[in-house]
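Take a look at the structure set out below.
The values are calculated or read from the model by the stated rules, or taken from the named source; none is laboratory data. What you are looking at is a predicted structure, and each value in this text was computed from that prediction instead of being measured. As a convention, Cβ positions derive from the backbone with ideal geometry for all residues, glycine included, and neighbour counts pool all protein chains shown.
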Amino acid sequence: MERILSGIKPTGQLTLGNYIGALRHFKDFQDNGEVFIFIADLHALTLPIDPEVLRSNSRDIAAFYLASGLDPKKATIFLQSSVPAHSELNAIVQNYLYMGELSRMTQFKDKSAKMNDKEIGLGLFAYPVLMAADILLYDANTVPVGEDQLQHIELARDLVHRFNYKYGEVLVMPKGKVNKVGARIMSLSDPTKKMSKSDPKGDIFLKDDMKTIRKKIMSAVTDMEGLVYYDPVNKPGISNLLTIYAALNDISIEDAAKQFEGCTRYGDFKKAVADTVERELGPFKARYEEIIASGEYLEVLKEGAKKANEIASTTLKRVQKAVGLLVLE
Ligand code: AMP
Ligand code: TRP
């Protein structure tokens with residue numbers, strides 16, 4: 001059976017980008033495959049973060065997972081830090097990835113460029129190593145992510161090639177899966193930049209109230225042309241709004257654009273986008289509120305950790321044996 005694995009790191013407020021690019025799709029796999037969805041809390045430590053903020057973000061993501069329709073009876077939902085095998089496999093596979101390739105990762109280059117050399121932790125540099133360990137521990141075939149994570153998955157694939165060449169067919173080859181529509185949602189205030197948890201004006205946060213969300217959409221940066229069509233180079237703002245509209249209505253961008261042919265008032269178009277977002281996020285946010293208040297996610301995380309530990313420790317042993325560690329049964 002197909003194994004699906006993905007995670008989100010609890011570094012900040014989740015955005016509509018996270019929702020459309022990743023979160024919204026996780027449930028689609030749970031009826032036909034074995035789904036493992038985790039909170040990448042160890043990854044959140046790769047940049048400075050306040051302990052209380054980290055804990056509260058982790059709770060939020062657990063509740064968001066459940067609110068998105070993931071069913072804990074079908075999918076295993078857990079915290080990365082509850083499964084020690086992630087760190088143990090990390091310690092092994094780090095020897096099969098190289099400094100040169102890690103230093104070429106876009107995410108590392110972007111994040112480290114904004115920091116002093118003295119502040120750049122080893123964990124930020126080694127981020128894709130732990131991510132590879134996350135994926136390989138569950139013998140995952142499919143890894144649904146937004147576009148920005150594909151480069152890390154390619155690295156995990158290189159690692160599998162290298163490792164299996166040396167030790168035989170020990171690791172399962174994973175494949176990244178991005179959606180045709182919405183793999184890269186852009187900021188509403190600067191549609192040439194990715195929406196990324198850091199800009200309160202341009203990012204729609206899943207915890208924003210509906211009024212704020214509508215306001216952000218209505219004031220999204222567009223252009224002066226007054227025509228609605230898809231052209232991400234010359235009309236990044238309108239193209240981004242069309243993408244959001246298409247993704248949430250599960251239609252193609254062409255079909256979305258057709259619906260607004262002849263529309264000359266951006267205000268009308270933005271209102272239609274805001275209505276679509278409200279129709280989807282309204283009930284989602286209500287479910288989130290209920291789940292976070294009830295605390296039911298805690299039991300889900302405990303149960304998830306048990307199941308994840310079982311599978312992860314089996315894979316870890318297989319890898320330990322392959323590389324020549326003396327495994328005492
Ligand atoms: P992160 O917040 O970096 O842990 O990302 C969690 C998931 O959301 C990953 O699969 C990302 O690729 C995806 N994601 C983050 N930002 C965006 C965005 N602006 N558009 C689409 N997907 C995104
Ligand atoms: N790196 C991912 C992100 O920033 C989160 C993540 C960590 C992940 N480990 C993973 C995603 C394994 C998929 C599979 O979005």
query: Within the stretch 222-231, is there a residue that is outside any helix (DSSP H, G or I), of a type outside the set (G, A, S) and surrounded by fewer than 13 Cβ atoms within 10 Å (Cβ to Cβ)?
result: yes
statement: Scanning the stretch 263-287 for residues that are small (G, A, S) and in contact with a helix residue (DSSP H, G or I) (Cβ under 8 Å, 6 or more places away or on another chain), the one surrounded by the most Cβ atoms within 10 Å (Cβ to Cβ) turns out to be A274
- line: Among (1) away from ligand 1 (no atom under 15 Å from the Cβ); (2) assigned to a helix (DSSP H, G or I), L150 falls short only on (1)
message: Out of G267, G237, I need the residue that is of a type outside the set (S, T, Y), modelled with pLDDT of 95 or more and touching a Ser or Thr at 6+ places or on another chain (Cβ under 6 Å). Which one?
response: G237
- prompt: Which members of the stretch 90-108 meet the condition of being within 19 Å of the chain's Cα centre (by Cα) and not hydroxyl-bearing (S, T, Y)?
  reply: M105, Q107, F108
- request: Kindly indicate whether A133 is buried (at least 21 other Cβ atoms within 10 Å of the Cβ), under 20 Å from the mean Cα position of the chain (by Cα) and at pLDDT 95 or above.
  value: yes
task: Would you point out which residue out of S87, S81 is more than 16 Å from the chain's Cα centre (by Cα) and surrounded by fewer than 17 Cβ atoms within 10 Å (Cβ to Cβ)?
output: S87
message: Pairs please, first residue from the stretch 39-65 and under 19 Å from G123 (Cβ atoms) and within 13 Å of ligand 1 (Cβ to nearest atom), second anywhere and of a type in the set (D, E, K, R) and outside any helix (DSSP H, G or I), Cβ atoms under 9 Å, 6+ apart in sequence or on different chains.
response: I39/K9; A40/K9; D41/K9; L42/K9; H43/K9; A44/K9; T46/K9; N57/K9
